[in-house]
Amino acid sequence: MQDNLSDDHHHDPIEEGAALRVRALEELLIAKGLVKAEAIDAVVEYYEKETGPRNGAQVVARAWCDPDFKAWLLKDGTAAIHSMGFKGYQGEHMRVVENTNDTHNIIVCTLCSCYPWPVLGLPPAWYKGAAYRARVVREPRAVLAEFGLDLPASQKVRVWDSTAEIRFMVLPQRPPNTGNLSQAELADLVTRDSMIGTAVL
Amino acid sequence: MSQCNVDDNVLLQAQRIIPDRPEGDPLFRRAWHARAFALIVTLVKDSDLPWATFQTQLVERLAAQQKDAPARDPEQIDLQYFDCWLEAVEDTLIAQQFIERPEISAQIERIRQSVADIRHSQMSLHPRT
């Protein structure tokens, strides 16, 4: 049914395509008692405000300062990370891989975008993009070079493919000359990309 | 510059550059991205639906899109990604019999009608000149 809208009328986004479909799905699930609107709000708020790479940075800084914690983290990443209160969804099975002078690690999800949400938040666009997902397995050094990272030929590069069952996170090497920094100051040095493996510190 | 040259340049760039995005960019580029994301996360948390069931749908759509026209710049990647996400959500809900497809179009029509009713009542109160 056509209503008499003038030519200068701008449609509300809710009337259009995807936004409308999402609203319809949400309303149907709520009407059927399958989800609650407040629960959806809470999930959005959690991922927008409470999780993100700063969580992972705290884990990394603690591992640099506390050898026992580091050993635990590498042996049972899930438990060690949970012990710091980072327990959100998609963090049930996490494995932390350590960068050393001999080995540099990178994470990817070749199939879609599996990612350790509780410690890194949601993945950046390039992590979800076909170029990164396809190429990092085939030619990791070329991809790293495009991130500005040229690793010595002597350093082995290992690529870890996250899945729905297990999500990887990289423990970057502690930067040199940081012996006098506190754990909190060290956490400030840790970047998201260093925990993906596309950067070093 | 011809269209052909533009395309060649874009292609060359796309082959050489992995799209980047600074850490401070918005988490969700559209409000509905956040809702679609949270909808399936909430449903998996609050029901017996396994995450892998949804993920399988998502993987299929991403693979199909990758074959057709993979996006290169960060915004396009995000937009295409969430288009796939939404299709995967919808098909999961239907395949798992949470919702029947005709219900979706009926609900869309109800929302459209209610928006039209609200607008109509507002225009009656404040008629255009």
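The values are calculated or read from the model by the stated rules, or taken from the named source; none is laboratory data. The structure presented is a predicted model; accordingly, all values stated were derived computationally and were not measured. For neighbour counting, all protein chains shown are included, and Cβ atoms are generated from backbone atoms with ideal geometry for every residue, glycine included.
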Identify, please: which residue in segment A:159-181 is surrounded by 15 or more Cβ atoms within 10 Å (Cβ to Cβ) and of a type in the set (D, E, K, R) and is, among those, nearest to A:VAL108 (Cα to Cα)? A:ASP161
Test for B:GLN97: is it more than 19 Å from the chain's Cα centre (by Cα) and modelled with pLDDT of 75 or more: yes
Looking at segment B:48-69, which of its residues are assigned to a loop (DSSP other than H, G, I, E, B) and in contact (Cβ under 8 Å) with a residue 12 or more places away in the chain? B:LEU49
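If I ask for residues that are under 15 Å from the mean Cα position of the chain (by Cα) and on the phi < 0 side of the Ramachandran plot, which ones from segment A:79-104 would you list?
Step one: list which residues in segment A:79-104 are under 15 Å from the mean Cα position of the chain (by Cα), which gives A:81, A:86-97.
Correct list: A:ILE81, A:PHE86, A:LYS87, A:GLY88, A:TYR89, A:GLY91, A:GLU92, A:HIS93, A:MET94, A:ARG95, A:VAL96, A:VAL97.
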Within the set of pairs 6 or more residues apart or between chains, which connect a residue that is farther than 13 Å from A:ASN55 by Cβ inside segment A:187-201 to a residue that is part of a helix (DSSP H, G or I) and not small (Gly, Ala, Ser) with Cβ atoms less than 6 Å apart? A:ALA199/A:ASP193; A:LEU201/A:LEU189
Quick check, is A:VAL43 within 7 Å of chain B (Cβ to nearest Cβ), modelled with pLDDT under 95 and part of a helix (DSSP H, G or I)? yes
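Does A:LEU73 satisfy the condition of being within 12 Å of chain B (Cβ to nearest Cβ), aliphatic (A, V, I, L, M) and in contact with a helix residue (DSSP H, G or I) (Cβ under 7 Å, 6 or more places away or on another chain)? Please lay out each step first, then the result.
On the way: within 12 Å of chain B (Cβ to nearest Cβ): no; aliphatic (A, V, I, L, M): yes; in contact with a helix residue (DSSP H, G or I) (Cβ under 7 Å, 6 or more places away or on another chain): yes.
Spelling it out, it is not the case that A:LEU73 is within 12 Å of chain B (Cβ to nearest Cβ), aliphatic (A, V, I, L, M) and in contact with a helix residue (DSSP H, G or I) (Cβ under 7 Å, 6 or more places away or on another chain).
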Does A:ALA125 qualify as being at the interface with chain B (Cβ under 9 Å from one of its Cβ atoms), within 26 Å of A:VAL44 (Cβ to Cβ) and crowded, with 20+ Cβ neighbours inside 10 Å? yes
Can you list residue pairs whose Cβ atoms sit under 8 Å apart, with the first residue in segment A:163-178 being in the same structural domain as A:ALA57 (by TED's automatic domain parsing) and over 15 Å from A:ASN55 (Cβ atoms) and the second being at pLDDT 95 or above and among the aromatic types (Phe, Trp, Tyr)? Count only pairs 6 or more apart in sequence or on different chains. A:ARG174/A:TRP64
Residue hits (segment B:89-110; within 9 Å of another protein chain (Cβ to nearest Cβ), closer than 19 Å to B:GLN57 by Cβ and in a helix (DSSP H, G or I)) are B:VAL89, B:GLU90, B:LEU93, B:GLU103, B:ILE104
Taking segment B:70-88 as the region of interest, how many residues are assigned to a loop (DSSP other than H, G, I, E, B) and of a type in the set (S, T, N, Q)? 0
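Each row is one residue, and each column tells you yes or no for (1) aliphatic (A, V, I, L, M); (2) out of contact with any Phe, Trp or Tyr (no Cβ under 6 Å at 6 or more places or on another chain); (3) farther than 18 Å from B:VAL59 by Cβ.
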position: A:ASP66; (1), (2), (3): no, yes, yes
position: A:LYS87; (1), (2), (3): no, yes, yes
position: A:ARG95; (1), (2), (3): no, no, yes
position: A:ASN99; (1), (2), (3): no, yes, yes
position: A:PRO123; (1), (2), (3): no, no, no
position: A:GLY148; (1), (2), (3): no, yes, yes
position: A:LEU151; (1), (2), (3): yes, yes, yes
position: A:GLN155; (1), (2), (3): no, yes, yes
